[in-house]
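Okay, so here's the structure we're looking at.
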Amino acid sequence: PKVVIDSVNGAGADCAEGLLQKMGCEVIAINDVPNGRFPRDPEPIPANLGQLCDAVRPHGADIGFGQDADGDRLSVVSEEGIAIGEEYTLAFAAEVMAERDCPGPLVTNLSTSRMIDEVAACHGREVLRAKVGEVNVVETMIAEGAVGGGEGNGGVIDPTLRFCRDNLAAMALILQGMAWRGCTISEWAGSFAPSAIMKEKLECPAGRTQRAILALIRHYEGQRLDLTEGVKVLSEDGSWMHARPSNTEPILRVIAEADDCESARRLCDEALAVARQAIG
């Protein structure tokens, strides 16, 4: 396969190109000098991958990979030059890991797309959800003997290699999956049920995040709630909303997933309105 890779001049540049070449790929590398001078925001989300998207189709590439600066997160661009979204990275990799001939659940966090549940159901596996954060996912994976895991921000954890997010492993798993299926990455993405995920954040002064969480719990009283971390509302149709305090910033993170963008937006907006009123 032909692969375009954008390493954002980060730590993974040399390793990624070498790995892909050893896997038999024809590699077109951009932003591949590991000097720490980032030509774009290093977070590998669709909004930051314009240069990669623009490079894939002219080169006739089968796939584009967008790395972050320190080599733990990955996003995928299709052969059509479309950024598929970082949530698909784990879904693709999890499907390959779930096909292994060994027992164990798939492990992810509470804010990750339901696509991993779809993967697990197809392979007779359980999904366990930990609090957000690599360490929480890894601890659960070790304790439960997981076959694979990761987070929806593009972080894949393959326990046969190491217990940390690794975007080199993610690339290898995704290319392996494409080869086994004999399909394009667009076709593979299209095999998942329609889904849209929205991610928002609300500035929340110190000490007021808990006030917002309590208001959300009261607002959604009577619905199915998971209070492991913040509050997660789970609906019968498979849609969900998760609100939690950030681990690193004075903000409330609100993430929702539904069958379409409009429904996911509605779930986010409802929660944001309740939280805004609570924090004043």
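The values are calculated or read from the model by the stated rules, or taken from the named source; none is laboratory data. None of these values were measured; they are calculated from a predicted model. Don't worry about glycine lacking a Cβ; one is built from the backbone with ideal geometry, like all the others, and counts go over all protein chains shown.
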### Task
Tell me which residues, restricted to segment 144-158, are buried (at least 19 other Cβ atoms within 10 Å of the Cβ) and not in a loop (DSSP other than H, G, I, E, B).
GLY148, GLY149, GLY150, GLU151, GLY155, VAL156, ILE157
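Residue-by-condition table, conditions (1) in a helix (DSSP H, G or I); (2) closer than 25 Å to GLY149 by Cβ:
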position	(1), (2)
ILE5	no, yes
ASN9	no, no
PHE38	no, no
ASP41	no, no
ASP54	yes, no
GLY66	no, yes
LEU74	no, yes
### Filtered residue count, segment 253-280, keeping only those that are of a type in the set (S, T, N, Q) and in contact with a helix residue (DSSP H, G or I) (Cβ under 8 Å, 6 or more places away or on another chain)
1
## Note on the structure
In the set LEU173, LEU161, the lone residue that is in a helix (DSSP H, G or I), aliphatic (A, V, I, L, M), out of contact with any Ser or Thr (no Cβ under 8 Å at 6 or more places or on another chain) and within 29 Å of ILE142 (Cα to Cα) is LEU173
### Query
Are any residues in segment 195-252 among the small types (Gly, Ala, Ser) and touching a strand residue (DSSP E or B) at 6+ places or on another chain (Cβ under 9 Å), and if so, which ones?
SER195, ALA196, ALA212, GLY230, SER235, GLY238, SER239, ALA243, SER246
### Query
Which members of segment 247-273 meet the condition of being without any contact (Cβ under 8 Å) to a residue 60 or more places away in the chain, part of a strand (DSSP E or B) and of a type in the set (Asp, Glu)?
none
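Among the residues in segment 21-34, are any under 22 Å from the mean Cα position of the chain (by Cα) and on the phi < 0 side of the Ramachandran plot?
Within segment 21-34, not a single residue is under 22 Å from the mean Cα position of the chain (by Cα) and on the phi < 0 side of the Ramachandran plot.
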### Summary
Those residues of segment 234-280 which are touching an Asp or Glu at 6+ places or on another chain (Cβ under 8 Å) and loosely packed, with under 14 Cβ neighbours inside 10 Å amount to ASP237, PRO250
#### Entry: Inter-residue pairs, beta-carbon under 8 Å, first closer than 21 Å to CYS268 by Cβ and in segment 186-199, second surrounded by fewer than 13 Cβ atoms within 10 Å (Cβ to Cβ) and among the charged types (D, E, K, R), 6+ apart
PRO194/ASP260; ALA196/ASP260
### Query
Of the residues ARG244, ARG211, ARG276, ARG218, which single one is assigned to a strand (DSSP E or B) and more than 30 Å from SER78 (Cα to Cα)?
ARG244
### Task
Within segment 203-233, track down each residue that is touching a residue at least 60 places away in the same chain (Cβ under 8 Å), touching a Leu at 6+ places or on another chain (Cβ under 8 Å) and surrounded by fewer than 19 Cβ atoms within 10 Å (Cβ to Cβ).
ASP226, THR228
### Query
Pick from MET141, MET97: which is crowded, with 24+ Cβ neighbours inside 10 Å, in a helix (DSSP H, G or I) and touching a helix residue (DSSP H, G or I) at 6+ places or on another chain (Cβ under 8 Å)?
MET97
### Query
Do we have any residue at all in segment 121-133 that's assigned to a helix (DSSP H, G or I), crowded, with 18+ Cβ neighbours inside 10 Å and within 15 Å of the chain's Cα centre (by Cα)?
no
### Task
Sort out which residues of segment 1-51 are of a type outside the set (S, T, N, Q), touching a strand residue (DSSP E or B) at 6+ places or on another chain (Cβ under 7 Å) and closer than 13 Å to ASP68 by Cβ, and write them in order of number.
ILE5, ASP6, VAL8, GLY10, GLY12, ALA16, PRO44, ILE45, LEU49
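Residues ARG181, ARG162: which one is more than 19 Å from VAL107 (Cβ to Cβ), free of Cβ contacts under 8 Å to residues at least 12 places away in the same chain and either buried (at least 21 other Cβ atoms within 10 Å of the Cβ) or not assigned by TED's automatic domain parsing to the domain that holds THR228 (or both)?
Within the list ARG181, ARG162, the selection yields ARG181.
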